[in-house]
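K.L.:
Have a look at the structure that comes next, please.
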Amino acid sequence: IGEDDFFERFVSHVGASGFHFERDDLIAFQIAAKQGAPTILAGVSGTGKSSLPTLYAEALAGGEESPKCLNIDVNPSWTSPADILGYVDALEHRFVPAASGMVGTLIAAKEERQLFRDAAALYVLCLDEMNLAQPEYYLSDVIQAVSRAPGQQTLSLFDRMAVAQDDPYRDF
């Protein structure tokens, strides 16, 4: 659908879900989300900041499929990228993805993009309460990847020589 029709669907979906946002705030969110860079929402607790990305993903899906949205509750104890992405088990020579689900979502988005190119769905990742831990520690690899030029925004999870030949994550 066209841009204007999608935006109206988004506004309607937000209202039908029981939320009230100023139209200008929804326009600002739409513009920020379309930039392809992280969008950070700040404000008073209970105003719907955590719900807005999910509502956006649902509007994108249009009720035809499940939205491509992952909400991750940030833990105050996170201190490294392993806490959100995962780590290599040195004894087993296996990559162990973090419980956040971020690696699986990133892989699904990458594979869909390779298959469908510009027709691939938009994936939404919401880091809820990301200020509870220091993002410059647990999110450093992701921040570096998204700050690169389009087409060079790769994220290497580990040295592929650190895992066994049959590790399913070896190519990532």
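The values are calculated or read from the model by the stated rules, or taken from the named source; none is laboratory data. Note that the structure is a prediction, hence the values are computed from the model and not measured. Every residue, glycine among them, receives a Cβ derived from its backbone with ideal geometry; neighbour counts consider all protein chains shown. Keep in mind that these areas ignore ligands, DNA and RNA; they rest on the heavy atoms of the full protein, side chains included. Shrake-Rupley method; radii C 1.70, N 1.55, O 1.52, S 1.80 Å.
K.L.:
What nm distance separates the two modelled labels at Glu136 and Glu92, each placed 7 Å from Cα along Cα→Cβ?
P.N.:
A separation of 3.4 nm, rounded to one decimal place.
K.L.:
If DNA, RNA and ligands are ignored and the probe is 1.4 Å, what is the ranking of Thr39, Thr54, Thr154 by accessible area, most exposed first? Don't skip to the answer; put the middle values down first.
P.N.:
Working: Thr39 55, Thr54 35, Thr154 95 Å².
Largest accessible area first, the residues go Thr154, Thr39, Thr54.
K.L.:
I would also like to ask the following. How many percent of the accessible area of the range 84-172 is carbon or sulfur, using a 1.4 Å probe?
P.N.:
Values: 3100 of 5800 Å².
Here carbon and sulfur together make up 54 percent of the probe-accessible area.
K.L.:
Only bridges whose two residues both fall in the chain count here: according to DSSP, what percent of them are antiparallel, nearest 5? Present the calculation step by step, with values, prior to reporting the outcome.
P.N.:
Working: 4 of 9 bridges.
In the chain, DSSP labels about 45 percent of beta bridges as antiparallel.
K.L.:
May I pose another question? Taking the Cα atoms only, what angle lies between the long axis of helix 51-61 and the longest principal axis of the chain, rounded to 10 degrees?
P.N.:
Between the helix axis and the principal axis of the chain, the angle is about 90 degrees.
K.L.:
Shifting gears a bit: How large is the dipole of the range 14-172 about the Cα centre if only Lys and Arg carry +1 and Asp and Glu carry -1, each at its Cβ, rounded to the nearest 20 debye?
P.N.:
Values: 11 positive and 21 negative charges, 75 e Å.
Using Cβ point charges on Lys, Arg, Asp and Glu, the range 14-172 gives about 360 debye.
K.L.:
Here is a follow-up. HN-Hα J couplings of the range 135-140 from phi, Karplus 6.51/-1.76/1.60, θ = phi - 60°, integer Hz, Gly and Pro as x?
P.N.:
Coupling constants for the range 135-140: x, 5, 9, 6, 10, 4 Hz.
K.L.:
While we're on this one: Lys110 accessible area, nearest 10 Å², 1.4 Å probe?
P.N.:
Accessible area, nearest 10 Å²: 100 Å².
K.L.:
Order the peptides 4-10, 135-141 from the highest to the lowest mean number of other Cβ atoms within 10 Å of their residues.
P.N.:
Result, highest mean Cβ count within 10 Å first: 135-141, 4-10.
K.L.:
In the neighborhood of Ile1, defined by Cβ-to-Cβ distances under 10 Å, what is the net charge if each Lys or Arg adds +1 and each Asp or Glu adds -1? Display every interim value, and only then the final one.
P.N.:
Values: positive: Arg9; negative: Glu3, Asp4, Asp5, Glu8.
It works out to a net charge of -3.
K.L.:
When a/c reaches 1.5 or more, the comparison of a/b and b/c decides; with that in mind, is the range 73-172 rounded, prolate or oblate per its Cα gyration tensor?
P.N.:
On the way: a/c = 1.71, a/b = 1.02, b/c = 1.68.
Taking the square roots of the gyration eigenvalues as a ≥ b ≥ c, the range 73-172 is oblate.
K.L.:
First check a/c for the range 1-138, with a ≥ b ≥ c the square roots of the eigenvalues of its C-alpha gyration tensor; if it is under 1.5, answer rounded, and if not, answer prolate when a/b is larger than b/c or oblate otherwise.
P.N.:
Numbers: a/c = 2.55, a/b = 1.46, b/c = 1.75.
Note, shape of the range 1-138 comes out oblate.
K.L.:
Given the protein chains as shown and a 1.4 Å probe, how many square angstrom of Ile31 are accessible, to the nearest 10?
P.N.:
Near enough 100 Å² of accessible area.
K.L.:
Could I ask something else about it? Can you give the accessible area per residue of the range 1-119, in Å², using a 1.4 Å probe?
P.N.:
That works out to 62 Å² for each residue.
K.L.:
Do you know the relative contact order of the chain, to the nearest whole percent, from alpha carbon pairs under 8 angstrom that are 6+ apart?
P.N.:
Details: 188 pairs, mean separation 39.2, N = 172.
So the answer I get is 23 percent.
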